[in-house]
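Colleague: Got a structure here, written out as structure tokens. Questions coming.
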């Protein structure tokens, strides 16, 4: 499975099988985390078992079940941290899909139960649940290309990028982003306020760039 195939196949999964992640698979995921930490100046950490992080009220509100492991999205506090976590975390989500795992971006979890190494100048932005799903999830409702851009006579690469962006997971499926095109230069902005919109922006950017082959400004 290519990364682009993983993007199209992947859906959020909250219910997992009662089994740990294969050690060799976990090693590959941890190696990728280390590579991305170095490349993007982050401190993401793979934690297994997940313990009580997805239990209690978090489970009742979201339907978490048997989450075996998670990735803690951590970095030094900055104005760009949330967006970087989205951009990099989605790379991990797609890589996990390629490894035969399922994932879900987790905004509701028990933060005090997260046993990660977090320095005083760092922030735990979010977690990503990881494991073997009881199923592969299902598509969600989505906006159309026309809902998120007013570009007319768009080139094929731009349309493919926007279509991929519309497959990106966003908090409460809000999809609060707008794409524009200046000549051959694409850009995207947050079109409204809302929870985790900066993180969503990072995820959306990665999807667009992967499918279009063009960098977002």
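The values are calculated or read from the model by the stated rules, or taken from the named source; none is laboratory data. Here the structure is a predicted model, which means the values were calculated and not measured. Cβ atoms come from the backbone with ideal geometry, glycine included; neighbour counts cover every protein chain shown.
Colleague: Against the condition outside the structural domain of residue 111 (by TED's automatic domain parsing), surrounded by 17 or more Cβ atoms within 10 Å (Cβ to Cβ), modelled with pLDDT under 90 and under 15 Å from the mean Cα position of the chain (by Cα), how does residue 164 come out, does it pass?
Modeller: no
Colleague: Residue 126: more than 22 Å from residue 176 (Cβ to Cβ), touching a strand residue (DSSP E or B) at 6+ places or on another chain (Cβ under 9 Å) and outside any loop (DSSP other than H, G, I, E, B), yes or no?
Modeller: no
Colleague: Working only within the stretch 42-61, note down all residues that are within 17 Å of the chain's Cα centre (by Cα) and either within 17 Å of residue 122 (Cα to Cα) or modelled with pLDDT under 95 (or both).
Modeller: Matches in the stretch 42-61: 42, 43, 44, 45, 46.
Colleague: In the set 191, 187, which member is under 23 Å from residue 8 (Cα atoms) and more than 17 Å from the chain's Cα centre (by Cα)?
Modeller: None of the others qualify; the one that does is 187.
Colleague: Specify the residue that is farthest from the chain's Cα centre (by Cα); the eligible residues are those in the stretch 167-184 that are loosely packed, with under 12 Cβ neighbours inside 10 Å and within 17 Å of residue 156 (Cα to Cα).
Modeller: Out of the qualifying residues, it is 183.
Colleague: Check every one of the strands (runs of 3 or more DSSP E) wholly within the stretch 16-106 and list those with 1 or more residues that are surrounded by fewer than 20 Cβ atoms within 10 Å (Cβ to Cβ), outside the structural domain of residue 204 (by TED's automatic domain parsing) and out of contact with any helix residue (DSSP H, G or I) (no Cβ under 9 Å at 6 or more places or on another chain).
Modeller: 45-47, 69-76
Colleague: Here's another thing I want to ask about it. Determine whether the stretch 147-158 contains at least one residue that is within 30 Å of residue 24 (Cβ to Cβ), in a loop (DSSP other than H, G, I, E, B) and not assigned by TED's automatic domain parsing to the domain that holds residue 75.
Modeller: Looking for residues that are within 30 Å of residue 24 (Cβ to Cβ), in a loop (DSSP other than H, G, I, E, B) and not assigned by TED's automatic domain parsing to the domain that holds residue 75, one finds none in the stretch 147-158, hence no.
Colleague: Out of 99, 92, which single residue is under 23 Å from residue 175 (Cβ atoms) and modelled with pLDDT of 95 or more?
Modeller: 92
Colleague: Would you check if there is a residue in the stretch 166-185 being under 18 Å from residue 87 (Cβ atoms), touching a helix residue (DSSP H, G or I) at 6+ places or on another chain (Cβ under 8 Å) and in a helix (DSSP H, G or I)?
Modeller: Checking the stretch 166-185: at least one residue is under 18 Å from residue 87 (Cβ atoms), touching a helix residue (DSSP H, G or I) at 6+ places or on another chain (Cβ under 8 Å) and in a helix (DSSP H, G or I).
Colleague: Could you check the stretch 186-199 and list, in sequence order, the residues that are at pLDDT 95 or above and within 18 Å of residue 79 (Cα to Cα)?
Modeller: Correct list: 188, 199.
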